[in-house]
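Since every read-out is calculated from the coordinates, none of them should be taken as a lab result. Quantities reported herein were computed from a predicted structural model and do not represent experimental measurements. Note that we place each Cβ from the backbone using ideal geometry, even for glycine, and neighbour counts take in every protein chain shown.
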């Protein structure tokens, strides 16, 4: 889900341990409101997270939601 009004935000699924770690290290990462806070974070898109890390998080979320591609 992407918030298209107000402050830009993105919800990403995450391994539970990483979800907590990201919240502790980045003020722009918060537990997702109305979703399983163990697995979901809301990231405020405010420029505080480097682009390469942000894209890595998006890919991680995609793999968790869609499943890893089987070879």
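May I ask you to sort 30, 7 by Cβ crowding, counting other Cβ atoms within 10 Å and putting the fewest first?
Ranking 30, 7 by Cβ neighbours within 10 Å, fewest first, gives 7, 30.
Using a simple spin-label model with pseudo-atoms 7 Å out from Cα toward Cβ, residue 46 and residue 7 lie 0.5 nm apart. Mind checking the full-extension length gain between residue 58 and residue 30? Use 0.36 nm per residue of separation minus the Cα-Cα distance, one decimal, nm. Contour length minus Cα-Cα distance gives 8.5 nm. Fewest neighbouring Cβ atoms within 10 Å first, the residues 23, 32 line up as 23, 32.
With the cut-off at 1.5 for a/c, could you classify region 2-66 from its C-alpha gyration tensor as rounded, prolate or oblate? Here region 2-66 falls in the rounded category.
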